[in-house]
Every structure is written in structure tokens, then in C-alpha cells.
Amino acid sequence: MSIALSLENITVTFTGKSGGAGYTAVKDTTLDIADGEFVSVVGPTGCGKSTLLNIGAGLLKASSGAVKVFGEPLVGLNAKAGYMFQAESLMPWRSALDNVTAGLQFRGEQASSARAKGEAWLERVGLAGFGNRYPHEMSGGMRKRCALAQMLILDPKILLMDEPFSALDIQTRQLMENELLELWQARRKAVLFITHDLDEAIAMSDRVVVLSAGPASHPIGDFRVDLPRPRDVAEIRTQPAFIDLHHRIWMVLRDEVL
């Protein structure tokens, strides 16, 4: 299986004010995500999870180390990746349909073609008939569905997701998790998923990578999730294999969180 995204010996040091001592957020970190693999990264607050995601997106340049995308060195932004942010990323002056088709429009696609694709993706994420609504007219779950369609309509080969469902209530969150898994199962993109929620990480992923507490954060655990697919994120949590894996990962993660 080919490697979609490779972070090789990544170190990120942020320069201190007025030439003072810098802060090393991540040190000597290597992480590979295979094509079609769903990998979640968990760790304490401030351990550098989002930093690694931004490195993979090309939004941040590492102090040292290399980033490769399907074997090629990454230069500038990662054009093969789609990024779904934790914060609201919809443009408030655009309708749901116009938000979803924004990337296609920026690429110069004809309006009629972009609109047809946008309507198809709104239907796919459960928003058929809501294309004319503006973000303030939609619930939190609807806005997340819209943001998901906005990313997937561009057909990226790699999905970079920074705690995309953390602000949702538990019921809506589980619906969105299942929706994402269903869409992923159909197309099998490489996914790098950042989350604080260990249950979420196990329920959705093929692998869970644990980062140490910062500074100089680095992977301290890499766990294969051998649970059958397709999965329902609520039902899978009651299985003995899930509970056992949760316990094993928590034993590694607990001291770092404390």
C-alpha cells in the first residue's frame, strides 16, 4: 500500500520574543498515513497535534525534517489535501450551495457544472433542499455537513481534519461521525484526524497514534484498531474488543494527560 502522507523526523520550534529562547512544540516526529488509511492522533492539550496537521497541509514549515505526499517532497501548500477546521469555516455571506461550490469556482469551473456538483454533494450529506440557507439559518450539525461537502466536492486524496465535531452535542456528533465514515468507506481517502476524544479516535480509525505531552512532543504509542467495518460509532463502543483497546491506549495516554 502506497504512503499518501509522510512526516519524516519533523521538528517545529517557534522563535521566542525579542530573540529569546524558542519553544519546541514537536521534536523528531515520524508519522506515515497510507493511501486509504484512517489515522487518528490523540494527546494532551498543547501537545502539537494541530501543528502536525498544519505541517501536512503545507500551512506551516517545519524547522527540520521532510514532508512527502505520495512520495514527492511537499513544496508550498498540499494541493492533494482537503482541510476541515475545528472552527466555523463557512463564509457567512454565501448560501450553503455557494459555500460548497466555492472551491470549484476558485478553480475556474463553469457555474452550471459547479452548481450540479454542489447540489449532488448537499444531497449526499443530508442537506438536499437547504442550498439557499445561509450559515446563520442552519444548526451546528447542518453547518458541519456543509463544511464536509465543501471539502469533499474537490475530491482531495488526503483529508486533514482538526477536531471537526468537537463543538457538537453528543447525538449530533455521533451522527456526523457515522456520516463521515460512510462517505470515507465509499471512497477510501487517506485521513489524518485530530481529536481529544479517545472513544471517537478508536471508533473511527484504522490506527490511533498517541503523542506525548509537550514541549518536544513525539509519538509514544501506535495502536492498530482491528474492529470490523462498517461501524456504528455508538454500537462499537460496547464491544469487548473496543473496551480492551481503550484501556490499553488510556494506560499510555493517562500519565501524559495528568
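The values are calculated or read from the model by the stated rules, or taken from the named source; none is laboratory data. Here the structure is a predicted model, which is why all the values come from computation and not from measurement. Here the Cβ positions follow ideal geometry from the backbone for every residue, glycine too, while neighbour counts run over all protein chains shown. SASA here: full protein model, heavy atoms, side chains in, ligands and nucleic acids out. Shrake-Rupley method; radii C 1.70, N 1.55, O 1.52, S 1.80 Å.
If you take the residues in segment 16-52 that are modelled with pLDDT of 95 or more and over 15 Å from His218 (Cβ atoms), which one is most open to solvent (accessible area, probe 1.4 Å)?
Top of the filtered list is Asp35.
Just to be sure, is Leu122 out of contact with any Asp or Glu (no Cβ under 6 Å at 6 or more places or on another chain), modelled with pLDDT of 95 or more and within 22 Å of Leu53 (Cβ to Cβ)?
no
Just wondering, is there one or more residues in segment 177-193 that are under 16 Å from the mean Cα position of the chain (by Cα), open to solvent by 20 Å² or more (accessible area, probe 1.4 Å) and in contact (Cβ under 8 Å) with a residue 60 or more places away in the chain?
Taking every residue of segment 177-193 in turn, at least one turns out to be under 16 Å from the mean Cα position of the chain (by Cα), open to solvent by 20 Å² or more (accessible area, probe 1.4 Å) and in contact (Cβ under 8 Å) with a residue 60 or more places away in the chain.
Would a scan of segment 3-13 turn up a residue that is modelled with pLDDT under 95, at negative phi, under 19 Å from the mean Cα position of the chain (by Cα) and not in a helix (DSSP H, G or I)?
So far as segment 3-13 goes, no, none of its residues is modelled with pLDDT under 95, at negative phi, under 19 Å from the mean Cα position of the chain (by Cα) and not in a helix (DSSP H, G or I).
Return the residues of segment 146-160 that are assigned to a helix (DSSP H, G or I) and either at pLDDT below 90 or surrounded by fewer than 19 Cβ atoms within 10 Å (Cβ to Cβ) (or both); say none if nothing qualifies.
Selection gives nothing.
Quick grid of which residues meet (1) crowded, with 21+ Cβ neighbours inside 10 Å; (2) under 24 Å from Ala57 (Cα atoms); (3) at pLDDT 95 or above:
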site: Glu109; (1), (2), (3): no, yes, no
site: Ala116; (1), (2), (3): no, no, yes
site: Gly126; (1), (2), (3): no, no, no
site: Pro135; (1), (2), (3): no, no, yes
site: Phe165; (1), (2), (3): yes, yes, no
site: Leu168; (1), (2), (3): no, no, no
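Filter segment 240-255 for residues that are open to solvent by 50 Å² or more (accessible area, probe 1.4 Å) and under 22 Å from the mean Cα position of the chain (by Cα); which is farthest from Leu211 (Cα to Cα)?
His246
Is it true that Leu60 is open to solvent by 40 Å² or more (accessible area, probe 1.4 Å) and either more than 30 Å from Met138 (Cβ to Cβ) or modelled with pLDDT under 95 (or both)?
yes
Would you check if Arg94 is part of a loop (DSSP other than H, G, I, E, B), in contact (Cβ under 8 Å) with a residue 12 or more places away in the chain and open to solvent by 30 Å² or more (accessible area, probe 1.4 Å)?
In short, yes.
Is segment 131-142 home to any residue that is without any contact (Cβ under 8 Å) to a residue 12 or more places away in the chain, farther than 20 Å from Asn78 by Cβ, assigned to a helix (DSSP H, G or I) and not aromatic (Phe, Trp, Tyr)?
Yes: segment 131-142 contains one or more residues that are without any contact (Cβ under 8 Å) to a residue 12 or more places away in the chain, farther than 20 Å from Asn78 by Cβ, assigned to a helix (DSSP H, G or I) and not aromatic (Phe, Trp, Tyr).
Run Ala87 past the list (1) exposed (fewer than 15 other Cβ atoms within 10 Å of the Cβ); (2) out of contact with any helix residue (DSSP H, G or I) (no Cβ under 9 Å at 6 or more places or on another chain); (3) more than 30 Å from Met138 (Cα to Cα) and report the number of the one that doesn't hold.
(3)
Output the number of residues of segment 49-69 satisfying the condition of being in contact with a Lys or Arg (Cβ under 9 Å, 6 or more places away or on another chain) and either among the small types (Gly, Ala, Ser) or within 19 Å of Leu152 (Cα to Cα) (or both).
Number satisfying all stated conditions: 1.
Those residues that are small (Gly, Ala, Ser) and over 14 Å from the mean Cα position of the chain (by Cα), I need them from segment 153-176; list them, please.
Hit for segment 153-176 is Ala167, nothing else.
Considering only segment 64-84, state which residues are surrounded by fewer than 20 Cβ atoms within 10 Å (Cβ to Cβ), within 19 Å of Leu160 (Cβ to Cβ) and not aliphatic (A, V, I, L, M).
Gly65, Lys68, Phe70, Gly71, Glu72, Pro73, Gly76, Lys80
I'd like to know if segment 137-145 contains one or more residues that are open to solvent by 70 Å² or more (accessible area, probe 1.4 Å) and in contact with a strand residue (DSSP E or B) (Cβ under 8 Å, 6 or more places away or on another chain).
There is no residue in segment 137-145 that is open to solvent by 70 Å² or more (accessible area, probe 1.4 Å) and in contact with a strand residue (DSSP E or B) (Cβ under 8 Å, 6 or more places away or on another chain).
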